[in-house]
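Heads up, the thing below is written out as structure tokens.
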Amino acid sequence: MSARIYKPTRTAMQSGKAGTKQWVLEFEPAEARFIEPLMGWTGSSDTRSQLRMHFESLEHAKAFADKHGIAYEIETPRPHRLRRQAYADNFSYYRLK
């Protein structure tokens, strides 16, 4: 039983930082998924793959994993770099023509 601890990233449709401040502990799948023959749906008998736990800090997530004997791997987020540009730069393409 192993897990990964990470900070979720923003979705492509999201401009704000909602839902990106908490750390997530998510279990790695223990077995491969299968295609159910009758309906063709993807199935799995691994119930831990459905579990996702949110923590306020990395230390809380590590403490939980250590307390319950869960091997974990931490994925650190890349630093966010702010690109500063003027509003007029949006229209510079049209001025050059």
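Within the option set ALA12, ALA30, being loosely packed, with under 11 Cβ neighbours inside 10 Å and without any contact (Cβ under 8 Å) to a residue 40 or more places away in the chain holds for one residue only, ALA12.
Condition check: hydrophobic (A, V, I, L, M, F, W, C), outside any helix (DSSP H, G or I), at negative phi and touching a Lys or Arg at 6+ places or on another chain (Cβ under 8 Å). Does ALA30 satisfy that? Yes. Pairs are defined by a Cβ separation below 7 Å, a sequence spacing of at least 6 or placement on different chains, a first member in the stretch 39-61 that is touching a residue at least 12 places away in the same chain (Cβ under 8 Å), and a second member that is among the small types (Gly, Ala, Ser) and surrounded by 11 or more Cβ atoms within 10 Å (Cβ to Cβ); the pairs so defined are ASP46/ALA30; ARG48/ALA30; PHE55/ALA61.
Reported count of residues in the stretch 2-48, each being under 20 Å from GLU59 (Cα atoms) and of a type in the set (A, V, I, L, M, F, W, C), is 6.
Test of understanding: among TYR6, TYR87, which residue is aromatic (Phe, Trp, Tyr) and touching a residue at least 12 places away in the same chain (Cβ under 8 Å)?
Criteria check complete, one pass: TYR6.
One residue stands out among those in the stretch 39-97 that are touching an Asp or Glu at 6+ places or on another chain (Cβ under 6 Å) and part of a strand (DSSP E or B): the one that is modelled with the lowest pLDDT, which is GLY43.
The values are calculated or read from the model by the stated rules, or taken from the named source; none is laboratory data. Everything numeric here is computed off the predicted structure, so don't read it as measured data. Quick reminder, even Gly has a Cβ in these numbers, built from the backbone with ideal geometry, and neighbours come from all protein chains shown.
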